[in-house]
Amino acid sequence: MANQFIHQEYLVAGNNFNSAGSASEAVKSTLKKMGVASSDIRRVAIAMYEGEINMVIHAGGGIALVDIYYDKINILLNDKGKGIADLEKAMQPGYSTAPEEVQRLGFGAGMGLPNMKKYADVFDIQSEVGVGTTVKMTIYFG
Amino acid sequence: MNKERSLTRILTDKALHTVNLDPEKCRGCVTCMRRCPTEAIRVRNGKASVDYDRCIGCGECVRLCTHNAKLPSHDSWDTLEDFKYKIVLPPPSLYGQFNNLDNIDIVLSALLELGFDEVYEVGLAAEYVSSVTKIMLDRKEVKSPVISTACPAILELIMMKYHNLQDNLLPVLAPVDVAAKLARERAIAKGIPAEDIGVYFISPCPAKVFALKMGIGVNKPYVDRVLSVADAYMRLVPVMNNLKNTKSLTKMCATGLRWGVSRGEANAIFHEKTIAADGVENCVKILEAVEDGSLDDIEFIELNACTAGCVGGVMNVENPFVARGRLYQLARKMSTGVNHLTDVGKSKEYFTWEASPMVKDVFVLDEDRFTAMNKLMEMENVFSKLPQVDCGLCGAPSCRAFAEDLASGVIPADTKCPRLEEEKNQ
Ligand SMILES: Nc1ncnc2c1ncn2[C@@H]1O[C@H](COP(=O)(O)OP(=O)(O)OP(=O)(O)O)[C@@H](O)[C@H]1O
Ligand code: SF4
Ligand SMILES: [Mg+2]
């Protein structure tokens with residue numbers, strides 16, 4: 001029973017700012033139906049949304065695979081975008097390669113990855129230039 | 001007027017529903033069900049039925065029903081007999097109902113002719129609310145982005161679905177409550193016995209009727225009766241046309257009047273980074289974005305369930321956009337200033353919540369998380385076998401909602417999808 005989980009998959013369309021956030025919205029809705037604490041839902045929302053929007057802006061889209069357990073959520077974000085050359089740099093608060101027109105939309109503060117790391121209990125990122133990026137996050141429900 | 005007569009004369013706790021159905025008129029057409037923003041409506045035995053636990057009182061179903069089967073709840077005009085000393089609170093949206101109105105005093109004087117002893121403008125109270133809001137924002141007393149709580153339909157939605165955002169809520173009383181509080185005190189100070197005083201609000205929407213009856217953010221309701229704008233309109237027009245002398249009564253400035261339309265509240269606090277969204281669907285998008293942390297740089301968010309703001313309330317008579325145009329026109333003729341808090345000589349606490357509204361767990365499938373999870377898995381299982389066309393034949397607004405009703409036991413476990421059944425029989 002404790003090992004049972006709900007699996008959800010979302011396609012995150014590239015360069016479609018309108019649909020960014022819809023995977024996060026659907027996951028939030030499920031967690032609310034489960035009665036997960038709102039502070040935990042908030043952490044999931046932020047981590048998930050930042051991951052989603054990164055795939056939209058920087059990678060031309062990707063997929064989000066979500067496994068929801070009784071006491072935790074595993075989020076896997078995978079894209080076949082351009083990849084990140086210097087991961088250490090990318091993880092620094094304030095570092096961004098977002099083009100100017102995207103920054104004008106209010107993105108590109110360079111806070112996405114640092115915030116994902118901050119709000120997730122387990123955070124792992126793998127990336128290869130020209131191949132793509134994979135982010136794995138786990139958030140435990142208190 | 002038979003619409004009015006079919007309503008309870010005065011809404012008591014038991015009859016307290018946001019909207020009521022006239023079963024004779026309802027054809028079970030699924031229009032309201034499909035568009036209810038909280039999926040609170042199901043069609044059972046050919047009639048629309050509302051799950052009131054999920055109803056936020058936005059009035060969308062009343063607006064959409066082409067058969068006039070949905071009636072918004074409010075007190076009837078007969079309740080004017082209930083009190084000896086009657087104070088009426090007209091909302092800013094009321095003034096947008098009248099064609100060629102160039103002076104608010106005409107409406108206020110006509111209200112006195114209709115039998116009220118005193119008027120207190122909700123728009124004036126709104127200006128005090130704006131001053132208090134500005135102070136709280138200047139001092140950063142509330143977590144940003146601060147979310148307005150003036151629209152009770154949106155507040156109810158947040159209490160049901162956005163528990164995350166409780167700390168962002170502006171803990172200030174709605175202008176109508178402030179108006180009622182101040183007006184009642186003023187009458188008592190005049191020497192009128194408290195038990196003789198009745199405070200009447202003229203409401204643009206069922207959400208405000210419900211909120212005022214329940215008393216949201218207050219220890220006990222300040223308003224005694226809640227009438228509808230439409231009822232007031234019908235009685236006001238003939239009186240306004242024959243008004244002999246217009247008394248000088250209005251104190252409200254353009255700032256208060258503009259509270260009747262979307263952006264009015266946000267503009268009144270003079271902060272740079274504000275958002276104003278109207279229409280429930282648009283408000284939902286903003287609330288989701290606040291949860292995701294993508295609006296953290298915004299200072300203040302005004303949300304109105306109705307398109308164009310309270311002029312779009314379903315108990316008005318005029319088209320929201322026409323009414324909005326009129327309010328703008330009227331505002332241009334009015335003082336651009338704003339009434340200051342110092343005029344009333346009350347502390348900030350006078351205007352803030354006396355009691356915090358309670359969150360509601362209406363969307364949780366089960367108290368026990370394991371059971372809730374099982375229901376969710378069952379729901380996914382059922383959903384995967386449904387046609388996923390959201391036709392509404394089953395009486396639920398979407399295939400997903402039908403699956404949820406089945407899994408959560410709202411409908412009998414052996415209920416079949418009528419569309420699939422039909423296919424089978426062909
Ligand atoms: N999925 C991805 N594919 C390719 N590059 C990425 C991806 N995610 C992040 N990056 C790179 O890492 C940088 C830092 O990402 P981060 O999310 O922290 O900031 P940002 O997206 O630029 O701005 P913000 O998230 O504050 O709007 C990005 O500017 C981008 O160069
Ligand atoms: S926007 Fe105004 S009229 Fe509409 S539900 Fe909210 S408070 Fe009522
Ligand atoms: Mg980012």
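The values are calculated or read from the model by the stated rules, or taken from the named source; none is laboratory data. Keep in mind it's a predicted model, so treat the numbers as computed, not measured. Cβ placement follows ideal geometry from the backbone for every residue including glycine, while neighbour counts extend to all protein chains displayed. The protein model used for the area step is the full one, side chains on, heavy atoms only, and it has no ligands, DNA or RNA in it. Shrake-Rupley method; radii C 1.70, N 1.55, O 1.52, S 1.80 Å.
Any residue in region B:252-279 that is in contact (Cβ under 8 Å) with a residue 40 or more places away in the chain and of a type in the set (Val, Ile, Thr) sitting within a Cβ distance under 7 Å of a residue that is more than 16 Å from ligand 2 (Cβ to nearest atom) and not in a helix (DSSP H, G or I)? List the pairs, counting only those 6 or more apart or interchain.
Listed by first residue and then by second, the contacts come to B:THR255/B:VAL338; B:ILE269/B:PHE300; B:ILE275/B:ILE298.
Hey, among the residues in region A:47-65 that are away from ligand 3 (no atom under 11 Å from the Cβ) and surrounded by fewer than 23 Cβ atoms within 10 Å (Cβ to Cβ), which one's farthest from the other protein chains (Cβ to nearest Cβ)?
Residue satisfying both the conditions and the ranking: A:GLY60.
Looking at the structure I just gave you, is B:ASN164 modelled with pLDDT under 95 and either open to solvent by 10 Å² or more (accessible area, probe 1.4 Å) or not basic (Lys, Arg) (or both)?
Taking the combined requirement at face value, the residue satisfies it.
Could you check how many residues of region B:167-216 are of a type outside the set (D, E, K, R), open to solvent by 20 Å² or more (accessible area, probe 1.4 Å) and assigned to a helix (DSSP H, G or I)?
Number satisfying all stated conditions: 5.
Among the residues in region B:298-310, are any touching a residue at least 12 places away in the same chain (Cβ under 8 Å) and within 16 Å of ligand 1 (Cβ to nearest atom)?
Yes, region B:298-310 contains a residue that is touching a residue at least 12 places away in the same chain (Cβ under 8 Å) and within 16 Å of ligand 1 (Cβ to nearest atom).
Looking at region A:16-30 only, could you name the residues that are part of a helix (DSSP H, G or I) and within 10 Å of chain B (Cβ to nearest Cβ)?
Answer for region A:16-30, where residues must be part of a helix (DSSP H, G or I) and within 10 Å of chain B (Cβ to nearest Cβ): A:SER22, A:SER24, A:GLU25, A:LYS28, A:SER29, A:THR30.
To keep it simple, each residue is scored yes or no on (1) open to solvent by less than 90 Å² (accessible area, probe 1.4 Å); (2) charged (D, E, K, R); (3) under 26 Å from A:ASP40 (Cβ atoms); (4) modelled with pLDDT under 95.
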{"site": "A:GLN92", "(1), (2), (3), (4)": "no, no, no, no"}
{"site": "A:THR97", "(1), (2), (3), (4)": "yes, no, no, yes"}
{"site": "A:VAL102", "(1), (2), (3), (4)": "yes, no, no, yes"}
{"site": "A:LEU105", "(1), (2), (3), (4)": "no, no, no, yes"}
{"site": "A:GLY110", "(1), (2), (3), (4)": "yes, no, yes, yes"}
{"site": "A:PRO114", "(1), (2), (3), (4)": "yes, no, yes, no"}
{"site": "A:TYR119", "(1), (2), (3), (4)": "yes, no, yes, no"}
{"site": "A:ILE125", "(1), (2), (3), (4)": "yes, no, yes, no"}
{"site": "A:GLU128", "(1), (2), (3), (4)": "no, yes, no, no"}
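Filtering region B:377-426 down to residues that are at positive phi and not charged (D, E, K, R), which residue is modelled with the lowest pLDDT?
B:GLY409
Check B:GLU291 against each of (1) buried (at least 20 other Cβ atoms within 10 Å of the Cβ); (2) modelled with pLDDT of 95 or more; (3) away from every other protein chain (no Cβ under 14 Å) and name the one condition it does not meet.
For B:GLU291, the failing item is (3).
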